[in-house]
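First comes the structure, then the notes that go with it.
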Amino acid sequence: MPPALAAAVTPRILDLLGNGPGRVLELGFAGIHAQLLELAGWEVVVVEPDPAFRARAEARAGTIAETPEGRFDAVVAPAGADLTDVDSDRVLVVERDGSIREGR
């Protein structure tokens, strides 16, 4: 997904999640949603599985995790992301066209 399209989805993600507190996993977006989620009161854990985007994720989010550990109040992930080992009741999946659906 192009970065501009991913960034354009952030306001919709914030509308769906509302304000924190809580813990959110941003998976596979190179930290593009992290700062605004943090401003909304969320603790954000960024995991970027693609080595080509890890430096960008770290620059945006400050630190990134190697793997998603612990329980999350919500997860924001692109379509096709492997969420098998992610512990969360709520998942927002961002489709390639920028639409968002809830569920795995």
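The values are calculated or read from the model by the stated rules, or taken from the named source; none is laboratory data. Owing to the predicted nature of the structure, the values given are computational and were not obtained by experimental measurement. Every residue, glycine among them, receives a Cβ derived from its backbone with ideal geometry; neighbour counts consider all protein chains shown. Note: accessible area is taken over every heavy atom of the protein model, side chains too, but ligands, DNA and RNA are not part of it. Shrake-Rupley method; radii C 1.70, N 1.55, O 1.52, S 1.80 Å.
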Exercise. Being in a loop (DSSP other than H, G, I, E, B), in contact with a strand residue (DSSP E or B) (Cβ under 9 Å, 6 or more places away or on another chain), of a type outside the set (Val, Ile, Thr) and open to solvent by less than 40 Å² (accessible area, probe 1.4 Å) is the filter here, so list the residues in the stretch 82-103 that pass it.
Key: LEU83, GLY103
Self-check item: Every residue from the stretch 52-81 that is under 21 Å from ALA4 (Cα atoms), part of a strand (DSSP E or B) and not aliphatic (A, V, I, L, M)
Solution: PRO78
Quiz item: Out of the stretch 52-81, which residues are closer than 14 Å to ARG23 by Cα and loosely packed, with under 13 Cβ neighbours inside 10 Å?
Solution: GLY70, ARG71
Self-check item: Matching residues, the stretch 11-42, being charged (D, E, K, R), closer than 15 Å to ARG90 by Cβ and surrounded by 14 or more Cβ atoms within 10 Å (Cβ to Cβ)
Solution: ARG12, ARG23, GLU26
Quiz item: What do you reckon, is LEU5 at pLDDT below 95 and more than 17 Å from ARG90 (Cα to Cα)?
Solution: yes
Practice problem: Considering only residues that are within 17 Å of GLY80 (Cα to Cα) and at pLDDT 95 or above, look in the stretch 10-28 and name the one that is nearest to the chain's Cα centre (by Cα). | Solution: GLU26
Self-check item: In the stretch 29-51, residue farthest from LEU16 (Cα to Cα) [restricted to those that are outside any loop (DSSP other than H, G, I, E, B) and among the aliphatic types (A, V, I, L, M)]
Solution: VAL47
